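Novice: So that we are looking at the same thing, I have put the structure below in structure tokens.
The values are calculated or read from the model by the stated rules, or taken from the named source; none is laboratory data. Not measured: the values here are computed from a predicted model. For neighbour counting, all protein chains shown are included, and Cβ atoms are generated from backbone atoms with ideal geometry for every residue, glycine included. With ligands, DNA and RNA removed, areas are computed over all heavy atoms of the protein, side chains included. Shrake-Rupley method; radii C 1.70, N 1.55, O 1.52, S 1.80 Å.
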Amino acid sequence: MITRKSKREIEMMQKSGDLLVQCHKEIAQMIKPGITTKEIDTFVEEFLAKHGATPEQKGFEGYPFAICASVNDEICHGFPNDEKLVEGDIVTIDIVVNLNGGLADSAWTYAVGEIDQVGKHLLDVTKQSLYKGIEQAQAGNRIGDIGHAIQTYAEGEGFSVVRDFTGHGIGPTIHEEPHIPHFGLPNKGLRLKEGMVITIEPMINEGTWKSKMDSNNWTARTVDGGRSAQYEHTIVITKDGPLVTTEQDRDV
């Protein structure tokens, strides 16, 4: 079932989004060679608790951590660990915040120190893919319009779009209908309506889009060892265009 959110529910989700943005801005200052993703996980759990919030991922279908931390060829759902990040790594930190029942979901890929030019291009294209998808998140458009915009741009830049994981509706639980693929055909799929809240979260790879699953049955990584990046926002469909509750380029 697809739910359309009330003004009050959207306001709650925006407050959660504001806190998530603050958390990502703190993480951006922490990311450097020598830090571990387990240290980031501990920081996020403590930061959210201090602000009266909880990490919605923790315990979801048995997931054991406050964040997903996916390094280099890990596409998504990477487990935080005690291995130190090194110069040239890229790491995606994915967080879902629950603040008084309002949810927000945002992933960001960070460069660890200096990375190579291909890596910089991968991160830039992935972020731009996200915003090209958001541009299509208009009431009256269809889900395929989002995926088509992302796929056309990313593949035009020489990268591939992950097929096995998609965006989704969000609220009142972490994963709601509808699925939001990051590939597809324009003017196809469900029509977007005012009050829907979705995530758009393209995962873009250097090589093939195909993935394989680690033995933990959570972490997906590229089959060819190529790097993968991801940027994600939570978006409200409004009559005035998409409202990004997790936008970082604003004061909160």
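Novice: Pop out the ³J(HN,Hα) list for segment 57-73 in order, Karplus 6.51 cos²θ - 1.76 cosθ + 1.60 with θ = phi - 60°, rounded to Hz; leave Gly and Pro as x.
Specialist: Result, ordered by residue: 5, 5, x, 5, 6, x, 5, x, 10, 7, 10, 9, 10, 10, 10, 6, 7 Hz.
Novice: Rounded to the nearest whole Å², what accessible area per residue is found for the chain with the 1.4 Å probe?
Specialist: Averaged over the residues of the chain, the accessible area is 43 Å².
Novice: Using a 1.4 Å probe on the protein heavy atoms, what percent of the accessible area of segment 23-101 belongs to carbon and sulfur?
Specialist: Reported share for carbon and sulfur atoms: 48 percent.
Novice: Please report, to two decimal places, log10 I(q)/I(0) for segment 7-60 at q = 0.14, 0.18, 0.25, 0.27 Å⁻¹ as given by the Debye formula with identical point scatterers on the Cα atoms and no solvent.
Specialist: After summing over all Cα pairs, the log10 values are -0.42, -0.66, -1.05, -1.14.
Novice: Now, a different point. Taking the Cα centre of the chain as origin, work out the dipole magnitude from +1 charges on Lys and Arg Cβ and -1 charges on Asp and Glu Cβ, in debye rounded to 20.
Specialist: 840 debye
Novice: Another question, then. Please report, in debye to the nearest 20, how large the charge dipole of segment 193-252 is about its Cα centre when each Lys and Arg carries +1 at its beta carbon and each Asp and Glu carries -1 there.
Specialist: 300 debye
Novice: Quick one: what Rg and Dmax do you get for segment 52-113 from the alpha carbons, in Å?
Specialist: 12.6, 38
Novice: Suppose only helical runs count, i.e. DSSP H with n ≥ 4. What mean residue ellipticity at 222 nm does that imply for the chain under -39500 (n - 2.57) per run, divided by all residues and rounded to the nearest 500 deg cm²/dmol?
Specialist: Taking each H run of at least 4 residues, the total per residue is -9500 deg cm²/dmol.
Novice: For each pair in K15/K210; K7/K188; K25/K50; K58/K193; K120/K212; K188/K239, compute the distance between the two Cα atoms and list the pairs where it is over 26 Å.
Specialist: From the list (K15/K210; K7/K188; K25/K50; K58/K193; K120/K212; K188/K239), the Cα-Cα distance tops 26 Å for K15/K210; K7/K188; K58/K193.
Novice: Under a 5 Å amide H to amide H cut-off, with H placed in plane at 1.01 Å, what residues pair with H182 once short-range neighbours are removed?
Specialist: G167
Novice: Starting from the amide H of N98, placed 1.01 Å from N in the peptide plane, find each other amide H under 5 Å away whose residue is 5 or more places distant or on another chain.
Specialist: Answer set, sorted by chain and number: T54, E56.
Novice: Let me ask another. What is segment 98-211 by shape, rounded, prolate or oblate, if you read a ≥ b ≥ c off the alpha carbon gyration tensor as root eigenvalues and call it rounded for a/c under 1.5, prolate for a/b larger than b/c, and oblate otherwise?
Specialist: The shape class here is oblate.
Novice: So for the chain, averaging the separation of alpha carbon pairs under 8 Å that are six or more residues apart and normalising by length, what relative contact order in percent results?
Specialist: With pairs under 8 Å counted, the relative contact order is 23 percent.
Novice: Using θ = phi - 60° and the Karplus curve 6.51 cos²θ - 1.76 cosθ + 1.60, what whole-Hz ³J(HN,Hα) does each residue of segment 40-52 get, with Gly and Pro shown as x?
Specialist: 5, 4, 5, 4, 4, 4, 5, 4, 5, 4, 4, 9, x
Novice: List the residues whose amide H sits under 5 Å from the amide H of I75, counting only those 5 or more places along or on another chain, with H placed 1.01 Å from N in the peptide plane.
Specialist: A220, R221, T222
Novice: If you scale each eigenvalue of the Cα gyration tensor by 5 and take the root, what three semi-axes come out for the chain, rounded to whole angstrom and sorted largest first?
Specialist: The three semi-axes for the chain are 26, 23, 16 Å.
Novice: Positive end of the charge dipole of segment 52-130 (Lys, Arg +1 and Asp, Glu -1 on Cβ, about the Cα centre): tell me which of V125, V86, V112 has its Cα farthest that way.
Specialist: V125
Novice: So, taking all protein chains as they sit and a 1.4 Å probe, how much accessible area belongs to R4, in Å² rounded to tens?
Specialist: For R4, the solvent-accessible surface is approximately 140 Å².
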